[in-house]
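A.B. asks: Here you go, one structure.
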Amino acid sequence: MMDELGVNLAGVEVILRMAERINELQQQVEKTTSTVEGAKGGRKMRQEKFTEQAQEALAASQELVRQLPSDSMGCRAHSPGTIDAAKGAGR
């Protein structure tokens, strides 16, 4: 290496230490990248599960509403026009 690069023994030592440090840093980058990607994947899975649960809850509540009798607890379904007319008649 001394002849090829034209450096002395101290320079070779510096180059070897730098090469080791570069390898260590590369491994740290790969580990950090893997950790970040894993965290993103976990968050995405949690979001998908939450969305799925919310959709299931919505579907269940819609089914309950469909199962209600049309005159549940003395309440009848009214169109907005009939409600407004009833308010006006009570005056």
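The values are calculated or read from the model by the stated rules, or taken from the named source; none is laboratory data. None of the values given here were measured: they were computed from a predicted structure. Positions of Cβ are generated from backbone atoms using ideal geometry, with glycine treated the same way; all protein chains shown enter the neighbour counts.
A.B. asks: With the requirement that a residue be assigned to a helix (DSSP H, G or I) and either touching a helix residue (DSSP H, G or I) at 6+ places or on another chain (Cβ under 9 Å) or in contact (Cβ under 8 Å) with a residue 60 or more places away in the chain (or both), what does the range 2-36 give you?
C.D. replies: M2, L5, L9, G11, V12, I15
A.B. asks: Additional query: Which one of these is of a type in the set (G, A, S) and either at pLDDT 90 or above or in contact with a helix residue (DSSP H, G or I) (Cβ under 6 Å, 6 or more places away or on another chain) (or both): A86, A77, A39, A54?
C.D. replies: Selected residue: A54, the only one of A86, A77, A39, A54 that is of a type in the set (G, A, S) and either at pLDDT 90 or above or in contact with a helix residue (DSSP H, G or I) (Cβ under 6 Å, 6 or more places away or on another chain) (or both).
A.B. asks: What number of residues in the range 2-58 are surrounded by 10 or more Cβ atoms within 10 Å (Cβ to Cβ) and at positive phi?
C.D. replies: Of the residues in that region, 0 qualify.
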